[in-house]
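Visitor: Sharing a structure here in structure tokens format.
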Amino acid sequence: MQKQLVTLAASAVLSLSAVSAQAAILDDVKAKGYLQCGVTGGVPGFSAPDSNNVWAGLEVDFCRAMAAAIFNDADAVRFTSLTSQERFTALSAGEVDVLSRTTTWTMSRDTQLGISFVGTMFYDGQGFMVRVEDGIESALDLSGAAICIESGTTTELNAADYFAANGMDFNTVVFVDQDEVVKAYEDGRCDVYTTDSSALAAERSKFANPDDHEILPEIISKEPLGPVVRAGDTQWFNLARWTYFALLEAEELGVSSANVDEMLGSDNPAIKRLLGVEGDFGTPLGVTKDWAYQIVKTVGNYAEIYNKHVGPDTPIGLERGLNALWRDGGIQYSAPIR
Ligand SMILES: N[C@@H](CCC(=O)N[C@@H](CS)C(=O)NCC(=O)O)C(=O)O
């Protein structure tokens, strides 16, 4: 009996220390002085080095927003470029603190890999790109066509489902690296390039003659793309999730990087709570009460980030669509800050 109790006590201590070891990501990040953020090898508008070789994009700005919340400094981020296949092991192994990389939230990833999806920064869907000269009008005309695909993605699985469901011959050319996929398509080794439709628009904007390529009308899947953290550290998960919500809430309340200082004097209780003028919603996250002020001041609200990187006035040219706020006909929606 006594022996059993000792064993029980020992295992309780072990599991407690496992919990506290897991629950330390924010402390580790604060101690090292920067956030390590996993991104793509380069998808314009999402995460790609800009003309000054500085990482930029919607997913990059999510990491910058977290850094603003933690350090009052959106530049306290280092980026690790990861292929689709590498990304989850890099996150699990602690090589990155957060993964913000065109990653689709699926059930098996969320429940079987020891990782947790934070939310959906960008609602996307899978599409197909073809050469205009080939005269293809529908994805249903693609039976037997050579299709370029990146491995380790939902892209592979969705395309297999779609071809099987429509009784079409499935003929893929698979690569680990996105640059190889795009090159193979450009060199004519494939007739079709398939991936998330936002990335198709991004890649097309880089081609010498974008008008020689068209994106077919069919969207064959749901691709909710969002940030991911290691499972088991609630504080870190909450910080990531509420960083995402703060971006949305700021847009909804009309608080932007341009007017955030003026908004500190607002009478609206929701704005007061968001900006830390009333109440303290930062301390429970492990940061200061002006955490969301810091995010909006230095990175902007969701609309600012969207429009800067992927919106209608960028070469990528994506309308808000599903990514509009709920009150504007989209499905982006923050839980209330209160
Ligand atoms: N969203 C899909 C596809 C992700 C993916 O790898 N997409 C490509 C195109 S958007 C990409 O990010 N490539 C960049 C790279 O490999 O560096 C998934 O989560 O599996």
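Visitor: In the range 73-92, how many residues are assigned to a loop (DSSP other than H, G, I, E, B) and within 15 Å of the chain's Cα centre (by Cα)?
Guide: 3
Visitor: Within the bounds of the range 207-214, is there any residue that is of a type in the set (Phe, Trp, Tyr) and either open to solvent by 40 Å² or more (accessible area, probe 1.4 Å) or in the same structural domain as residue 100 (by TED's automatic domain parsing) (or both)?
Guide: Looking through the range 207-214, none of the residues is of a type in the set (Phe, Trp, Tyr) and either open to solvent by 40 Å² or more (accessible area, probe 1.4 Å) or in the same structural domain as residue 100 (by TED's automatic domain parsing) (or both).
Visitor: Consider residue 176 carefully, then state whether it is touching a Ser or Thr at 6+ places or on another chain (Cβ under 9 Å), open to solvent by 60 Å² or more (accessible area, probe 1.4 Å) and farther than 26 Å from residue 57 by Cα.
Guide: no
Visitor: Filter the range 139-150 down to residues that are in a loop (DSSP other than H, G, I, E, B) and open to solvent by 10 Å² or more (accessible area, probe 1.4 Å), then give me how many there are.
Guide: Count: 3.
Visitor: Using the structure shown, decide if residue 156 is within 12 Å of the ligand (Cβ to nearest atom) and either touching a helix residue (DSSP H, G or I) at 6+ places or on another chain (Cβ under 9 Å) or more than 23 Å from residue 317 (Cβ to Cβ) (or both).
Guide: So residue 156 fits the description; yes.
Visitor: Sticking with this structure for a sec: Where in the range 172-254 are there strands (runs of 3 or more DSSP E), lying fully within it, with 2 or more residues that are in contact with a strand residue (DSSP E or B) (Cβ under 9 Å, 6 or more places away or on another chain) and within 20 Å of residue 127 (Cα to Cα)?
Guide: 192-196, 213-215, 223-225
Visitor: When you look at residue 63, is it within 16 Å of the ligand (Cβ to nearest atom) and touching a helix residue (DSSP H, G or I) at 6+ places or on another chain (Cβ under 8 Å), yes or no?
Guide: It is false that residue 63 is within 16 Å of the ligand (Cβ to nearest atom) and touching a helix residue (DSSP H, G or I) at 6+ places or on another chain (Cβ under 8 Å).
Visitor: Then there's this: Residue under question is residue 60, and the condition is that it be modelled with pLDDT of 95 or more, more than 19 Å from the chain's Cα centre (by Cα) and either open to solvent by less than 30 Å² (accessible area, probe 1.4 Å) or closer than 30 Å to residue 207 by Cβ (or both); does it hold? Let's see the steps before the verdict.
Guide: Numbers: modelled with pLDDT of 95 or more: yes; more than 19 Å from the chain's Cα centre (by Cα): no; either open to solvent by less than 30 Å² (accessible area, probe 1.4 Å) or closer than 30 Å to residue 207 by Cβ (or both): yes.
Here the answer is no, as residue 60 does not meet what is asked.
Visitor: From 129, 121, grab the single residue that is farther than 28 Å from residue 333 by Cα and in contact with a helix residue (DSSP H, G or I) (Cβ under 7 Å, 6 or more places away or on another chain).
Guide: 129
Visitor: Identify the residue in the range 66-96 that is small (Gly, Ala, Ser) and free of Cβ contacts under 8 Å to residues at least 60 places away in the same chain and, among all such residues, is nearest to the ligand (Cβ to nearest atom).
Guide: 81
Visitor: Now for a different question. Look through the range 108-121, keep the residues that are more than 17 Å from residue 84 (Cα to Cα) and aliphatic (A, V, I, L, M), and return whichever of them is farthest from the ligand (Cβ to nearest atom).
Guide: Top of the filtered list is 118.
Visitor: Identify the residue in the range 282-337 that is without any contact (Cβ under 8 Å) to a residue 40 or more places away in the chain and aromatic (Phe, Trp, Tyr) and, among all such residues, is nearest to residue 63 (Cα to Cα).
Guide: Looking at the filtered set, the residue picked out is 293.
Visitor: Which residues, counting only those in the range 122-133, are surrounded by 12 or more Cβ atoms within 10 Å (Cβ to Cβ) and away from the ligand (no atom under 12 Å from the Cβ)?
Guide: 128, 130, 131
The values are calculated or read from the model by the stated rules, or taken from the named source; none is laboratory data. The structure displayed is predicted, hence computed values, not measured ones. Virtual Cβ from ideal backbone geometry, glycine too; neighbours counted across all protein chains shown. Note: areas computed on protein heavy atoms with side chains; ligands, DNA, RNA excluded. Shrake-Rupley method; radii C 1.70, N 1.55, O 1.52, S 1.80 Å.
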